[in-house]
Amino acid sequence: MTAFIQRHGRPPGLGVVLAGHSPASEVYVRNKLKTVAAAGCRAELFRLDATAALDDALALVRRLNGDDTIDGILVQSPLPDAMGAGAEQEVFDTIDPAKDVDGFHPFNVGLLVQKRARLVACTPLGCVELLEREGIALRGKHAVVIGRSDIVGKPMALLLLHRDTTVTMCHSRTVDLPAIARSADILVAAIGRPGFVTRDFVKPGATVIDVGINTLTDRAEVERLFAEGSRKRAVFGEKGSVLIGDVHPDVDEVAGALTPVPGGVGPLTIAMVLRNTVTAAEQRKDGGRAI
Ligand code: NAD
């Protein structure tokens, strides 16, 4: 960071756009801003009212595109429903690809497909960072990714493919999902269904990455998923809600390794916002080198 500031006379800058006041988005945005600022970057929040029109969001993004002290732009999803269907894609498409720290712009997605990515979606980037830092072998291994969203499942599959992993992508229409999942050395769950992946989805010793973040507030569901005396039930008893991933915590007894929820992929995603901000800043100064 110091080297960047010495060379360019200013820190890398991140502009975060938050439309509306969703409590979950407020927490995500606060954590992103805090982490990026703590590392010495400039992190600025740009708010839009919940009633803002799509044109207001587009105008703000264009203003940030033209601001040379802003290296990264992140528009917090979801945008208010009032902006209309397709608003999110239109806003992401308007972000300057060189400042697209979420890696959602079609230009950056295309570069990722061609294995010459510059900015990659933060959550899958964090998952791969985790696998590599933990020394999990990827080459020639079989990875199963459950979920085919543009922000997690698809980029995750591509990142694994580019590391010579054999990848199977599964989704809501996949037939015999537990059997396919059981053939995985590395299983990634990005579904959005609490505790969906149970022990019978997992080959003994497999590495399991749980991307899901689900908040349970229904006592009956908590009691269905967790035995009496379990940690999740205790948290629910205390707070009236409990966070759970897409993977049931019992999977820990079968898997070789399992990321926890909370505390696993979530913080890594935020760390990758910081990394992408610095990457975007350096690439803008260097004229866009591929990573
Ligand atoms: P999404 O709703 O866009 O996609 C979900 C995917 O799951 C779809 O592709 C769908 O085909 C698949 N799916 C749904 N039901 C299924 C079923 N019964 N069997 C097999 N596949 C099924 O969700 P997303 O944005 O990819 O997010 C997935 C989860 O990851 C959510 O819980 C979300 O909160 C979480 N998430 C976490 C982070 C993080 O930082 N940790 C970041 C993004 C998303």
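Annotations for the structure displayed:
- Test: residue in segment 145-154 that is open to solvent by less than 20 Å² (accessible area, probe 1.4 Å) and part of a strand (DSSP E or B): yes
- Restricted to segment 192-237, and to residues there that are closer than 20 Å to ALA24 by Cα, more than 10 Å from the ligand (Cβ to nearest atom) and open to solvent by 50 Å² or more (accessible area, probe 1.4 Å), the residue that is nearest to the chain's Cα centre (by Cα) is THR217.
- If the condition is being surrounded by fewer than 19 Cβ atoms within 10 Å (Cβ to Cβ), out of contact with any helix residue (DSSP H, G or I) (no Cβ under 8 Å at 6 or more places or on another chain) and not hydrophobic (A, V, I, L, M, F, W, C), then segment 1-33 contributes THR2, GLN6, GLY9, ARG10, HIS21, SER22, PRO23, SER25, GLU26, ARG30.
- Meets criteria (away from the ligand (no atom under 16 Å from the Cβ) and open to solvent by 30 Å² or more (accessible area, probe 1.4 Å)) for ASP252: yes
- Residue in segment 281-288 that is within 15 Å of the ligand (Cβ to nearest atom) and open to solvent by 30 Å² or more (accessible area, probe 1.4 Å) present: no
- Once segment 110-124 is narrowed to residues that are in contact (Cβ under 8 Å) with a residue 40 or more places away in the chain and under 8 Å from the mean Cα position of the chain (by Cα), the residue that is nearest to ASP96 (Cα to Cα) is CYS122.
- Selection over segment 238-265 of residues that are in contact with a Cys (Cβ under 8 Å, 6 or more places away or on another chain) and more than 23 Å from ASN31 (Cβ to Cβ) gives a count of 0.
- All positions within segment 181-191 that are within 11 Å of the ligand (Cβ to nearest atom) and open to solvent by less than 50 Å² (accessible area, probe 1.4 Å): ALA181, VAL188, ALA189, ALA190
- Contact map, segment 159-179: first residue closer than 16 Å to PHE201 by Cα, second residue within 15 Å of the ligand (Cβ to nearest atom) and open to solvent by 70 Å² or more (accessible area, probe 1.4 Å), Cβ cut-off under 9 Å, separation 6 or more or different chains; pairs are MET169/ARG148; MET169/LYS154; CYS170/ARG148; HIS171/ARG148; SER172/ARG148; PRO178/ASP200.
- The C-beta contact set for segment 68-96 (first residue without any contact (Cβ under 8 Å) to a residue 60 or more places away in the chain and polar (S, T, N, Q), second residue open to solvent by less than 50 Å² (accessible area, probe 1.4 Å) and part of a strand (DSSP E or B), distance under 6 angstrom, 6+ apart or interchain) comprises THR69/GLY13.
The values are calculated or read from the model by the stated rules, or taken from the named source; none is laboratory data. For clarity, every value in this text was computed on a predicted model and none was experimentally measured. Don't worry about glycine lacking a Cβ; one is built from the backbone with ideal geometry, like all the others, and counts go over all protein chains shown. With ligands, DNA and RNA removed, areas are computed over all heavy atoms of the protein, side chains included. Shrake-Rupley method; radii C 1.70, N 1.55, O 1.52, S 1.80 Å.
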